[in-house]
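One structure is given here, and the rest of the page talks about it.
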Amino acid sequence: QVQLVESGGGLVQPGGSLRLSCAFSGRTFSHYAMGWFRQAPGKEREFVTSISRSGGITIYADSVKGRFTISKDNAKNKVYLQMSSLKPEDTAVYYCAARQESYSSNSNLYNYWGQGTQVTVSS
């Protein structure tokens, strides 16, 4: 069974940076596309970014394009989300997710989810 554990969340000032990590275990990591999603209080979960199984293809939500970068290290079984120029509206619980097929922005297509890590952007 796939297990995902996020880490790296915390409190950061507007304009700051943060890097989230997601550790994957239980299956062959290189067989899985990965995604990051987030959910702010009172809002639905939304797509942030996704990366292909090889790590060669990435897609981003318009709201984070140019500020966030996803990367995948198949040797370390980890996916990362580098977040820069953070804004208060980026405040949310961030979740990583895995699916064995191609990358996708559709959360319904992901089979496995982590427990989430809180990111708070505030002065």
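The values are calculated or read from the model by the stated rules, or taken from the named source; none is laboratory data. Note that this is a predicted model, so its numbers are computed, not measured. Don't worry about glycine lacking a Cβ; one is built from the backbone with ideal geometry, like all the others, and counts go over all protein chains shown. The area values use the complete protein model at the heavy-atom level, side chains included, leaving out ligands, DNA and RNA. Shrake-Rupley method; radii C 1.70, N 1.55, O 1.52, S 1.80 Å.
Data for the structure
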{"quantity": "For the range 87-123 and the range 21-74, distance of Cα centres in Å", "calculated": "7"}
{"quantity": "Whole-percent carbon and sulfur share, accessible surface of the chain, 1.4 Å", "calculated": "43"}
{"quantity": "Proximal lysines relative to residue 43, as straight alpha-carbon distance under 21 Å, when same-chain residues fewer than 8 apart are discounted", "calculated": "65, 87"}
{"quantity": "Reachable aspartates and glutamates, given that their alpha-carbon falls under 20 Å from the alpha-carbon of residue 78 and they are not under 8 places away in the same chain", "calculated": "6, 101"}
{"quantity": "Net +/- balance of residues flanking residue 101 in space, Cβ distance below 14 Å, scoring K and R +1, D and E -1", "calculated": "+3"}
{"quantity": "Semi-axis lengths (Å, descending) of the ellipsoid that matches the C-alpha gyration tensor of the range 9-48", "calculated": "25, 16, 9"}
{"quantity": "Kirkwood Rh and Cα Rg combined as Rg/Rh, the range 1-94", "calculated": "0.96"}
{"quantity": "For the chain, accessible area per residue (1.4 Å probe, heavy atoms of protein chains only), Å²", "calculated": "50"}
